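Following: one structure in structure tokens, then a few remarks.
The values are calculated or read from the model by the stated rules, or taken from the named source; none is laboratory data. As the structure is a computational prediction, the values presented were derived from the model and not from experiment. In this analysis, Cβ positions are derived from the backbone assuming ideal geometry, glycine residues included, and neighbour counts consider all displayed protein chains. All accessible areas refer to the heavy atoms of the entire protein, side chains included, with ligands and DNA or RNA removed. Shrake-Rupley method; radii C 1.70, N 1.55, O 1.52, S 1.80 Å.
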Amino acid sequence: LKGINRKIYMKRLIVATKNTGKIVEIKDILKEFPVEVISMVDAGYDLEIDENGTSFSENAFLKANALYKISGEMVLADDSGLEVDFLNDAPGVFTSRFAGFNASQKEKNSKIINLLKGVDEQFRTARFVCSISFISKEANFITEGFVEGMIAEKPMGSTGFGYDPIFYLPQYKKTFAQLPENIKNKVSHRASAINKFKEKFASIQGS
């Protein structure tokens with residue numbers, strides 16, 4: 001089989017997202033696996049999934065299950081968000097719509113910053129949480145990861161996406177949006193959840 005493109009023999013792993021930033025992160029983290037990571041849009045599925053779960057893991061499963069039912073292929077879905085201690089873990093599962101359904105990301109970041117205006121550094125603690133749901137013909141499971149940090153007083157950095165510009169990691173003295181991609185993809189909540197996924201995925205593949 002020499003000379004034949006190895007990609008032909010790769011299984012597809014369809015990710016239930018339209019977020020290109022997530023796809024880039026997941027591709028990088030899973031690059032050593034013989035799978036073709038593809039978004040549901042690129043796979044030809046443009047469905048809207050009602051994320052009405054009460055936790056990140058419930059929402060991740062709802063998305064994965066909906067996509068699996070119509071594709072029958074290996075699927076992965078994540079639900080992730082920001083929990084701010086001062087706000088009693090809000091926005092939580094409402095992270096994407098905390099500032100309103102039509103709010104821009106800039107407006108979402110501004111709302112969090114304004115709610116913590118004047119709050120001392122010690123009370124600005126927060127975390128990113130990520131739950132991943134995997135479903136295939138052979139198995140289904142959920143993994144979760146998180147990363148602790150703080151809410152910055154203003155947005156900083158131009159890389160990443162979402163709330164990255166206001167999520168500050170004291171150990172690096174940078175926000176997620178200021179970190180090089182190779183570092184972020186090692187310490188992020190999504191990396192943590194996917195690394196746990198990789199262990200379980202490897203075991204069901206017999207590797």
When segment 130-165 is examined, which residues are found to be more than 14 Å from PHE176 (Cβ to Cβ) and of a type in the set (A, V, I, L, M, F, W, C)?
ILE132, PHE134, ILE135, ALA139, PHE141, ILE142
Checking ASN65 against (1) open to solvent by 50 Å² or more (accessible area, probe 1.4 Å); (2) modelled with pLDDT of 95 or more, which test does it fail?
(1)
Within the group SER158, SER104, SER131, SER203, which residue is of a type in the set (Ser, Thr, Tyr), within 21 Å of ILE14 (Cα to Cα) and surrounded by fewer than 14 Cβ atoms within 10 Å (Cβ to Cβ)?
SER203
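Can you tell me which residue among ASP78, ASP50, ASP89 is open to solvent by 40 Å² or more (accessible area, probe 1.4 Å) and either touching an Asp or Glu at 6+ places or on another chain (Cβ under 9 Å) or touching a residue at least 24 places away in the same chain (Cβ under 8 Å) (or both)? Before you say what the answer is, go through the steps one by one.
On the way: ASP78 fails: open to solvent by 40 Å² or more (accessible area, probe 1.4 Å); ASP50 fails: either touching an Asp or Glu at 6+ places or on another chain (Cβ under 9 Å) or touching a residue at least 24 places away in the same chain (Cβ under 8 Å) (or both).
The unique qualifying residue is ASP89.
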Need pairs with beta-carbon distance below 7 Å; first residue closer than 18 Å to PHE176 by Cα and within segment 189-200, second part of a helix (DSSP H, G or I) and hydrophobic (A, V, I, L, M, F, W, C); sequence gap 6+ or separate chains.
ALA191/ILE29; ILE194/ILE26; ILE194/ILE29
Do we have any residue at all in segment 110-125 that's acidic (Asp, Glu), closer than 17 Å to GLY162 by Cα and without any contact (Cβ under 8 Å) to a residue 40 or more places away in the chain?
no
Those residues that are more than 20 Å from GLU121 (Cβ to Cβ) and of a type in the set (D, E, K, R), I need them from segment 141-178; list them, please.
GLU144
Take the residues in segment 169-200 that are under 17 Å from the mean Cα position of the chain (by Cα) and among the aromatic types (Phe, Trp, Tyr), then tell me which one is surrounded by the most Cβ atoms within 10 Å (Cβ to Cβ).
PHE176
Regarding SER158, is this residue under 30 Å from GLU73 (Cα atoms) and among the polar types (S, T, N, Q)?
no
Residue identified as modelled with pLDDT under 95, among the basic types (Lys, Arg) and within 17 Å of the chain's Cα centre (by Cα) among LYS31, LYS7, LYS106:
LYS31
Within segment 150-207, count every residue that is of a type outside the set (A, V, I, L, M), farther than 28 Å from LYS111 by Cβ and in a helix (DSSP H, G or I).
10
